[in-house]
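Just below is one structure, and these are the notes that go with it.
The values are calculated or read from the model by the stated rules, or taken from the named source; none is laboratory data. Nothing here was measured: the structure is a model prediction, and the numbers come from that model. Cβ placement follows ideal geometry from the backbone for every residue including glycine, while neighbour counts extend to all protein chains displayed.
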Amino acid sequence: MQTAQRGDRVQVHYVKHFEDGSVVSSRDKGPLELTVGIHHPRLPGLGSALVGMSAGARTTLRVPPERAYGARDPSRIHTWARKRFPKGQTLPVGKWVRFLSGKGRRRLIRILEVRGGMVVVDTNHRWAGQAMKLQVVLIGIQRWNGTPE
């Protein structure tokens with residue numbers, strides 16, 4: 001039975017559990033394809049954990065915050081003018097809202113406080129500072145030569 005090795009392309013399904021109770025899964029989508037041994041932004045911490053696994057195998061990893069989405073960074077708390085947000089946009093304190101930067105980039109930010117013409121926002125990643133439990137099922141393996149296992 002063939003097992004996954006560094007550099008192999010594999011397909012996986014995953015479920016991510018966070019300390020705040022959030023759960024993200026690939027089950028309602030097709031499998032995610034990635035290269036074994038290479039960092040993947042949607043599955044931080046997976047790295048080399050697939051090495052030696054065969055198709056159909058499962059693994060569960062506990063990923064500390066620094067290897068998942070990073071530690072919370074207090075320098076990413078900002079006070080912005082209310083006029084940076086669209087007129088009439090609701091800014092619910094404690095909630096995550098979509099924000100379009102001046103460069104046209106969409107971001108998810110958390111509203112911490114609204115006072116007069118100022119808004120205090122948290123621009124850390126939603127799951128920064130949280131450990132993650134990552135459950136992965138290896139669906140298939142493709143060798144370097146591109147043949148499926």
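Is it fair to say Arg82 is without any contact (Cβ under 8 Å) to a residue 40 or more places away in the chain and farther than 30 Å from Gln11 by Cα?
Spelling it out, Arg82 is indeed without any contact (Cβ under 8 Å) to a residue 40 or more places away in the chain and farther than 30 Å from Gln11 by Cα.
List every residue pair whose Cβ atoms lie under 6 Å apart, where the two residues are 6 or more positions apart in sequence or sit on different chains, the first residue falls within the stretch 1-22 and is surrounded by fewer than 16 Cβ atoms within 10 Å (Cβ to Cβ), and the second residue, located anywhere, is charged (D, E, K, R).
Gln2/Glu149
Here's the yes/no breakdown for (1) outside any loop (DSSP other than H, G, I, E, B); (2) loosely packed, with under 15 Cβ neighbours inside 10 Å:
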| residue | (1), (2) |
| --- | --- |
| Ser75 | yes, yes |
| Pro92 | no, yes |
| Val97 | yes, no |
| Leu108 | yes, yes |
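Any residue in the stretch 131-149 that is more than 21 Å from Gly7 (Cβ to Cβ) sitting within a Cβ distance under 7 Å of a residue that is of a type in the set (Phe, Trp, Tyr) and at pLDDT below 60? List the pairs, counting only those 6 or more apart or interchain.
Pairs found: none.
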